[in-house]
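Below you'll find the structure, written out as structure tokens, and then a few comments.
What follows is calculated from the coordinates using simple rules that are stated; it is not laboratory data. Quick caveat: nothing in here was measured; it's all calculated off a predicted structure. Cβ sites come from the backbone with ideal geometry, for glycine too, and all protein chains shown count toward neighbours.
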Amino acid sequence: MTHIPVMAEEVLKYLPWAEGKVILDLTLGMGGYAKTFLENSGTVFFIGVDLDEEALEIAENNLKDFHNKILIRENFKNIPAILEKAGVEKVDGILGDLGLSSLQLDATEKGFSYRGGLLDMRFSKLGQNETAKDLVNRLPERELADLIYKYSQEKYSRRIASAIVRERRSGEITDAKRLSDIIVKSIPAVARHGKIHAATKTFMALRMAVNMELENLQEMLPLAWEALKPGGRMVILAYHSMEDRIVKNFMRERRAKKKCAFDGIHDLIMLTPSPVRPGDDEIARNPRSRSARLRAAEKISGGD
Ligand SMILES: C[S@@+](CC[C@H](N)C(=O)[O-])C[C@H]1O[C@@H](n2cnc3c(N)ncnc32)[C@H](O)[C@@H]1O
């Protein structure tokens with residue numbers, strides 16, 4: 001069970017790792033970055049957050065040799081609750097590595113993959129009620145098609161939704177493999193053998209809807225920015241164009257014209273004028289890094 005942290009060198013470069021700094025990793029996963037960081041710097045205070053209790057257990061074990069840390073199960077949009085649990089008011093660095101980990105993708109009981117498993121797709125069972133199974137069996141055809149299109153721009157969304165609604169009449173769809181087969185059969189034969197599996201987009205759309213990923217990101221960004229000290233830095237890795245657009249727009253809206261032009265709202269300096277992408281070597285080593293886009297920004301204040 002491994003998840004290879006994406007662009008770890010770049011993440012390390014943009015986050016402030018000097019002595020006494022407080023670093024908040026909002027998407028801890030199995031603690032891939034955390035381990036690299038804590039090994040490189042014994043004196044930071046590290047706060048790791050994830051919704052997924054199983055990932056947190058693994059991270060706890062992976063990071064057991066480090067004591068300058070606290071791991072918290074929480075939705076990253078609840079920044080004030082996270083700070084309270086960690087006992088800090090402000091932090092120096094914030095990291096968000098969005099989406100899901102390889103551990104989650106490969107876990108058959110979660111049903112994130114078209115290869116099979118129970119159709120669940122929730123990052124956490126606590127506090128998150130509706131599953132992918134609920135959505136595919138409950139939503140009217142039109143809403144299902146809109147959902148698939150909204151999150152994935154799947155051009156066969158209407159055909160797929162229509163096939164799902166037809167098939168569910170003969171029995172509830174509870175298994176990821178059955179859903180995948182329905183999707184594959186519903187699209188034209190010529191479109192079934194592209195670079196990515198024909199069900200990938202629909203599965204991604206369902207996962208994003210179940211976990212309200214865009215909504216959570218939108219809520220988290222301003223609260224997380226508020227939690228940064230002046231001079232603090234935020235690094236976000238997005239794997240989906242809509243997520244990346246939310247991050248880009250957030251950073252652009254707050255961008256200060258010059259470092260000295262602080263006016264209380266425009267307090268952000270872009271450290272990455274355009275998103276940083278993984279190199280060919282990294283993509284060859286870790287194909288799941290392919291779609292990653294990293295954006296980093298620094299907070300300035302009147303005193304800067
Ligand atoms: C790409 S993985 C992170 C992998 C991690 N950086 C590592 O190196 O192991 C994204 C993680 O974010 C978590 N996550 C997604 N949405 C979340 C949210 N709203 N609040 C907290 N954690 C979330 C997922 O459960 C998943 O473990």
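Given the options E154, E109, E89, which has the most mean-square fluctuation in a GNM of the chain, springs set between C-alpha atoms less than 10 angstrom apart?
Checking each option, the largest mean-square fluctuation is seen for E89.
So, R0 is 25 Å and r is the distance between the beta-carbons of I70 and E226; what FRET efficiency does that work out to, to 0.05?
FRET efficiency, I70 to E226: 0.80.
Mean 1/r over all different Cα pairs, inverted: what Kirkwood radius does region 129-210 give, in Å?
With all distinct Cα pairs of region 129-210 included, I get 12.4 Å.
Can you quote the Å³ per residue value for the convex hull of the Cα atoms in region 159-289, rounded to an integer? Can you show the working numbers first?
Numbers: hull volume 21.7 nm³, N = 131.
So the per-residue Cα hull volume is 165 Å³.
Please report the antiparallel percentage of DSSP beta bridges with both residues in the chain, rounded to the nearest 5. Mind dumping the intermediate values first?
Values: 11 of 30 bridges.
Given both bridge residues lie in the chain, the antiparallel proportion sits at roughly 35 percent.
Summing +1 for each Lys or Arg and -1 for each Asp or Glu, what net charge is found among the other residues whose Cβ lies under 12 Å from the Cβ of M212? Kindly include the intermediate steps, with their values, before the conclusion.
Values: positive: K77, R122, R207; negative: E130, E213, E215, E219.
Summing Lys and Arg as +1 and Asp and Glu as -1 gives -1.
What is the mean projected area of the alpha carbon convex hull for the chain, to one decimal in square nanometres?
Hull-based average projected area comes out at 16.3 nm².
For region 1-131, what number results from the quotient of the Cα radius of gyration and 2.2 N^0.38 Å? Intermediate values should be presented prior to the final figure.
On the way: Rg = 14.9 Å, N = 131, 2.2 N^0.38 = 14.0 Å.
Working it through for region 1-131, the quotient is 1.06.
Report ³J(HN,Hα) in whole Hz for each residue of region 100-116, in order, from the Karplus equation J = 6.51 cos²θ - 1.76 cosθ + 1.60 where θ = phi - 60°; Gly and Pro get x.
10, 8, 4, 4, 5, 4, 8, 7, 5, 6, 8, x, 6, 9, 5, 6, x
Region 1-57: percent of C-alpha pairs farther apart than 13 Å?
Summing the P(r) tail past 13 Å for region 1-57 gives 60 percent.
Under 12 Å Cα to Cα from K77, which aspartates and glutamates show up? Leave out anything in the same chain fewer than 8 places away.
Straight-distance partners of K77: D50, E213, E215, E219.
Divide by every residue of the chain the summed helix terms, -39500 (n - 2.57) for each DSSP H run of at least 4, and state the resulting mean residue ellipticity at 222 nm, rounded to the nearest 500 deg cm²/dmol.
Numbers: 13 runs with 126 residues, N = 304.
Taken over the chain, the calculation gives -12000 deg cm²/dmol.
Distance between the C-alpha centers of region 10-69 and region 117-139? Whole Å please.
29 Å
With contacts defined as alpha carbon pairs under 8 Å and 6 or more residues apart, what's the relative contact order of the chain in percent?
17 percent
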